[in-house]
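K.L.:
So that we are looking at the same thing, I have put the structure below in structure tokens.
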Amino acid sequence: MILLLDLGNTALKWSVSHKHGLSQHGWIEHSDLRVTELEALWKALPRPDCVAIASVGSSSAYEQIEGLVYKLWKTDLLRVQTCAEHGGVRNAYPACNDLGVDRWAAMIAARDMLTAAFCVIDCGTAITIDMVAADGQHQGGVIFPGLAMMQDSLLSKTHLPVDKVAKIGRLAMADNTSDAVANGACYACVAAIDRILQEYVQGTDEEVSCVITGGDSDRIRSLLQKTCLHDPDLVLKGMEVILRGMQ
């Protein structure tokens, strides 16, 4: 049994991997990580044979998690890394480690599910979009602020009469400043994704499938022009594939 950890910019997700798939999912924000709270949650888990982590989070959060894992199970973290090629996907980055391991794992998971060309959309603190051709060649990607970050950035640089708390927007004109900010962020994110997908699909003769993941994915996918497969555990599933290849 393997405990999989996905340490993102805002949240820590985990799941237990075994021969029947993923189970015992959990999630916690780590901006103010309370190790005692996390310890109580993890004590309920069966003892893992291995604890693997894919991290793009802060070094302080990583170190706290590393210490807790050793305290509970007397084992070291196995850190999943980006590489030049794995699971049928070839990294487009010349400096392969510059590609976030979360993006890498998500692409590998999508490749494991799909045989055609595909794009992976991850709607988290930042929104990332990565394109992969049918032969597994990564075509590159883009990164831009997610819904909450877009609102936070606007409110931190202006004097708008709005509480600095991000809220869920919709595609509509607003009759108050708070909703105008939220809806503007929603329009910007959805329009950017739609435009990027449109340009990529028009520029290839391949049939392109789309997979969407991340904390805001359920909200955003309902507003996109292109139908997307929703998989909230894409990064964790990619870690499974990577670890399977290491055995």
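The values are calculated or read from the model by the stated rules, or taken from the named source; none is laboratory data. Bear in mind that the values here come from a model prediction, so they are computed numbers and not experimental data. Positions of Cβ are generated from backbone atoms using ideal geometry, with glycine treated the same way; all protein chains shown enter the neighbour counts.
K.L.:
Could you list, ordered by first residue, the pairs with Cβ atoms under 7 Å in which the first is in the range 182-211 and in the same structural domain as residue 170 (by TED's automatic domain parsing) and the second is among the β-branched types (Val, Ile, Thr) and part of a loop (DSSP other than H, G, I, E, B), at least 6 apart or interchain?
P.N.:
Matching pairs, first to second residue: 182/168.
K.L.:
Looking at residue 63, is it surrounded by 12 or more Cβ atoms within 10 Å (Cβ to Cβ), of a type outside the set (Ser, Thr, Tyr) and assigned to a helix (DSSP H, G or I)?
P.N.:
For residue 63, the condition - surrounded by 12 or more Cβ atoms within 10 Å (Cβ to Cβ), of a type outside the set (Ser, Thr, Tyr) and assigned to a helix (DSSP H, G or I) - is not met.
K.L.:
Looking only at the range 107-131, filter to residues that are in a helix (DSSP H, G or I) and hydrophobic (A, V, I, L, M, F, W, C); which one of those is surrounded by the most Cβ atoms within 10 Å (Cβ to Cβ)?
P.N.:
Here the residue is 107.
K.L.:
Check off (1) farther than 27 Å from residue 197 by Cβ; (2) within 19 Å of the chain's Cα centre (by Cα); (3) outside any loop (DSSP other than H, G, I, E, B) for residue 141 and give me the number that stays unchecked.
P.N.:
Going through the list (1) farther than 27 Å from residue 197 by Cβ; (2) within 19 Å of the chain's Cα centre (by Cα); (3) outside any loop (DSSP other than H, G, I, E, B), residue 141 breaks only (1).
K.L.:
Taking helices (runs of 4 or more DSSP H) that fall entirely within the range 144-247, which contain at least 1 residues that are farther than 30 Å from residue 50 by Cα and of a type in the set (Gly, Ala, Ser)?
P.N.:
In the range 144-247, the matching helices (runs of 4 or more DSSP H) lie at 147-156, 177-202.
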